[in-house]
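The values are calculated or read from the model by the stated rules, or taken from the named source; none is laboratory data. Note that the structure is predicted; figures quoted are calculated from it, not measured. A quick note on method: Cβ atoms are made from the backbone with ideal geometry, for glycine too, and the neighbour counts reach across all protein chains shown. These accessible areas exclude ligands, DNA and RNA; they are computed on the full protein's heavy atoms, side chains included. Shrake-Rupley method; radii C 1.70, N 1.55, O 1.52, S 1.80 Å.
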Amino acid sequence: MQHLVALYSIVVGSATLWAWVTHFFYSGSMEEHLLPFIVMGTVTLPSSLLVEGFVVLNPRLVDSPVFMLFLLTVLGFCKCY
């Protein structure tokens, strides 16, 4: 079981790093860079489904991709431990 947790932590860490680097690297460009966010949401399932609840409580959160990425990061790593 410890090996599975370690593997999951590596996968979540890699997806998180890719999403954060892509977000800040392409933040001023006109190109779409949604794939890292989609991968991060998929990797952190089912806890990433809680993001919808946060958005329902405060719809302005959708306008802040940094907060959404932070929320996915926290939800992903909370599931690891």
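Tally the residues that are among the β-branched types (Val, Ile, Thr) and over 18 Å from Ala19 (Cα atoms), restricting the search to region 35-64.
The total comes to 2.
Given (1) part of a loop (DSSP other than H, G, I, E, B); (2) open to solvent by less than 90 Å² (accessible area, probe 1.4 Å), where does Met30 come up short, assuming only one miss?
Met30 satisfies all of (1) part of a loop (DSSP other than H, G, I, E, B); (2) open to solvent by less than 90 Å² (accessible area, probe 1.4 Å) except (2).
Every residue in region 33-50 that is in contact with a Ser or Thr (Cβ under 9 Å, 6 or more places away or on another chain), part of a helix (DSSP H, G or I) and within 18 Å of Phe67 (Cβ to Cβ), please.
Across region 33-50, the qualifying residues are Pro36, Phe37, Met40, Gly41, Ser48.
The rows are residues; the columns are (1) in contact with a helix residue (DSSP H, G or I) (Cβ under 6 Å, 6 or more places away or on another chain); (2) of a type outside the set (D, E, K, R); (3) in contact (Cβ under 8 Å) with a residue 60 or more places away in the chain.
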residue: Met1; (1), (2), (3): no, yes, no
residue: Val5; (1), (2), (3): no, yes, yes
residue: Leu17; (1), (2), (3): no, yes, no
residue: Leu34; (1), (2), (3): no, yes, no
residue: Met40; (1), (2), (3): yes, yes, no
residue: Val56; (1), (2), (3): no, yes, no
residue: Leu61; (1), (2), (3): yes, yes, no
residue: Ser64; (1), (2), (3): no, yes, no
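May I ask you to say which residue of Ser48, Ser14, Ser9 is surrounded by fewer than 15 Cβ atoms within 10 Å (Cβ to Cβ) and hydroxyl-bearing (Ser, Thr, Tyr)?
Numbers: Ser48 fails: surrounded by fewer than 15 Cβ atoms within 10 Å (Cβ to Cβ); Ser9 fails: surrounded by fewer than 15 Cβ atoms within 10 Å (Cβ to Cβ).
The match here is Ser14.
Taking region 1-27 as the search range and keeping residues that are aromatic (Phe, Trp, Tyr) and part of a helix (DSSP H, G or I), which one is farthest from the chain's Cα centre (by Cα)?
Taking the candidates together, the pick is Phe25.
Could you figure out which of (1) in contact (Cβ under 8 Å) with a residue 24 or more places away in the chain; (2) more than 19 Å from Leu17 (Cα to Cα) isn't true of Met68?
So Met68 meets the others, but not (2).
Condition first: open to solvent by 50 Å² or more (accessible area, probe 1.4 Å) and either in a loop (DSSP other than H, G, I, E, B) or among the acidic types (Asp, Glu) (or both). Now tell me which residues in region 51-81 satisfy that.
Glu52, Asn58, Asp63, Tyr81
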